[in-house]
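The values are calculated or read from the model by the stated rules, or taken from the named source; none is laboratory data. Quick caveat: nothing in here was measured; it's all calculated off a predicted structure. Don't worry about glycine lacking a Cβ; one is built from the backbone with ideal geometry, like all the others, and counts go over all protein chains shown.
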Amino acid sequence: MMSKLFFTGNETEFEYFISSKNYNKIILLVDANTNGFCLPILKKLLHLFSNTHSIIIPQGESNKRLDVVEMIWQQLFQLIANRNTLLVCVGGGMVCDMGAFAASTFKRGIDVIHIPTTLLAMVDACYGGKTGLDFNGIKNSIGTFYQANAIYMNPIFLNTLNERMTASGFAEMIKHALISSVTHWEEIQQFTYTDFINIDAICVSLLIKKKIVDADVNDTSIRQQLNFGHSLGHAIESASLNTSNPLLHGEAIMLGMELELAISQQILQLSKNTSIEFAFLKQKLFPHLKHSYTWHDIKGYLQHDKKNQDSYQMSLLQEIGKCEVGVSVSEAIIKAVLASYDYSI
Ligand SMILES: NC(=O)c1ccc[n+]([C@@H]2O[C@H](COP(=O)([O-])OP(=O)(O)OC[C@H]3O[C@@H](n4cnc5c(N)ncnc54)[C@H](O)[C@@H]3O)[C@@H](O)[C@H]2O)c1
């Protein structure tokens, strides 16, 4: 079952969809920020939620942990949730990923709906059924596949998101452009800040992901195209989480994509022009984002992508709109590319 999508203006249909399921109880899951910023708006938009109980979890990636999931399970028990209860995740990718994980495991699975409130969650994290949490310091290392019953998309929530958090979402939109088509890549290079948060642009980006996911829900083949930039991006993000200045998911993915474009150039003969265009876009949208992670910093976090003794498996670009999955990349190439970006030398 794939998630049903509802957009701004479809509130009546969305409420009808929920009511028709005859849930015995609806519970909202929010983090500290979405509780303050988004819940009041949501309760005005959707009267169905006006008297709904909320579970509030602490915000931020550092709380995407098993003990916080336990807290959600505890509260579900206290609220006497059963298999006929609906959990509605109102938040960014962290709330959606962890909420859906809690829902997928509570009494062997209860229904879940996502109301994404960050750009990143709208164009990416809300769709596709990957749930999870960070464990042993490794991003998303525990998780399940569990599709949300529905997703309600309303960019009104983006009004309270700060610029850095908003820009983090640009990264996945840029990735979707790179793996989908030259036309979209050319278009996105011209985007201003406000173009990115336009509902049409959000829909285009989400639909690129949807098309790929729907063709390979279990992530055994083409869905891995969505991992472009993520092998090194996730390793960099994990390494940064242990510092006093952690990167946001999208920021780490921008760095990962830049490195993986350089690797694509070496292994798949991707045109150098793409790296140049990417560097220009990164400078425009993320002027302060710099590479500062060495092989030593990230190697421990790359285990997940390890193919054998000294090679790793990545999704790389052959050309714009053509992403090859499962490409073998030697440790030597990764080290060389990282060293070429190491400004600390
Ligand atoms: N499941 C997937 O397919 C998938 C895909 C991409 C990313 N992810 C995951 O998503 C997470 C990153 O998502 P994110 O960037 O949304 O992070 P996030 O959920 O941590 O949100 C970022 C910050 O914004 C705050 N926030 C959320 N909505 C707000 C609003 N409307 N106004 C003000 N503040 C608000 C949050 O409280 C948090 O502090 C990562 O854990 C990543 O692994 C999952």
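I need the full set of residues from segment 291-316 which are under 20 Å from the mean Cα position of the chain (by Cα) and among the acidic types (Asp, Glu), in order please.
ASP305
Filter segment 307-332 down to the residues that are in a strand (DSSP E or B) and touching a Lys or Arg at 6+ places or on another chain (Cβ under 9 Å) and list them by number.
Of everything in segment 307-332, those that are in a strand (DSSP E or B) and touching a Lys or Arg at 6+ places or on another chain (Cβ under 9 Å) turn out to be TYR312, GLN313, VAL325, GLY326, SER328, VAL329.
Give the residue that is nearest to SER238 (Cα to Cα), with candidates limited to residues of segment 61-80 that are more than 13 Å from the ligand (Cβ to nearest atom) and outside any helix (DSSP H, G or I).
So the residue we want is LEU79.
Just to be sure before I move on: is ILE236 under 17 Å from VAL337 (Cβ atoms), touching a strand residue (DSSP E or B) at 6+ places or on another chain (Cβ under 7 Å) and either at pLDDT 95 or above or not hydrophobic (A, V, I, L, M, F, W, C) (or both) in the structure I sent?
Judged against the criteria, ILE236 is not a match.
Between a residue in segment 226-246 that is under 29 Å from LYS210 (Cα atoms) and any residue that is among the aromatic types (Phe, Trp, Tyr) and in a helix (DSSP H, G or I), which pairs come within a Cβ distance under 6 Å, given they are 6 or more apart or on different chains?
Partner pairs satisfying both residue conditions: ALA235/TYR301; SER238/TYR301.
Check whether at least one residue in segment 91-114 is touching a Pro at 6+ places or on another chain (Cβ under 8 Å) and more than 7 Å from the ligand (Cβ to nearest atom), and report yes or no.
Among the residues of segment 91-114, not one is touching a Pro at 6+ places or on another chain (Cβ under 8 Å) and more than 7 Å from the ligand (Cβ to nearest atom), which makes the answer no.
ASN140 fails exactly one of the following numbered conditions: (1) more than 7 Å from the ligand (Cβ to nearest atom); (2) under 12 Å from the mean Cα position of the chain (by Cα); (3) surrounded by fewer than 24 Cβ atoms within 10 Å (Cβ to Cβ). What is the number of that condition?
Condition not satisfied by ASN140: (1).
Could you tell me whether segment 323-335 includes any residue that is within 29 Å of SER62 (Cα to Cα), surrounded by 18 or more Cβ atoms within 10 Å (Cβ to Cβ), under 19 Å from the mean Cα position of the chain (by Cα) and touching a residue at least 40 places away in the same chain (Cβ under 8 Å)?
no
Can you name the residue in segment 1-60 that is among the charged types (D, E, K, R) and in a helix (DSSP H, G or I) and, of all such residues, is surrounded by the fewest Cβ atoms within 10 Å (Cβ to Cβ)?
LYS44
Among LYS290, LYS282, LYS209, LYS272, which is the only one that is in contact with a helix residue (DSSP H, G or I) (Cβ under 9 Å, 6 or more places away or on another chain), within 14 Å of the ligand (Cβ to nearest atom) and basic (Lys, Arg)?
So the residue among LYS290, LYS282, LYS209, LYS272 that is in contact with a helix residue (DSSP H, G or I) (Cβ under 9 Å, 6 or more places away or on another chain), within 14 Å of the ligand (Cβ to nearest atom) and basic (Lys, Arg) is LYS209.
May I ask you to list pairs of residues, at least six apart or on different chains, whose Cβ atoms are under 9 Å apart, with the first in segment 77-103 being farther than 30 Å from ASN159 by Cβ and the second being more than 14 Å from the ligand (Cβ to nearest atom) and of a type in the set (Gly, Ala, Ser)?
ARG83/GLY109
Output the residue which, of all residues in segment 2-43 that are within 16 Å of the ligand (Cβ to nearest atom) and closer than 14 Å to ILE113 by Cα, is farthest from the chain's Cα centre (by Cα).
LEU42
Quickly run through segment 153-168 and pick out the residues that are of a type outside the set (Phe, Trp, Tyr), touching a Leu at 6+ places or on another chain (Cβ under 9 Å) and near the ligand (Cβ under 7 Å from one of its atoms).
LEU158, LEU161, MET165, SER168
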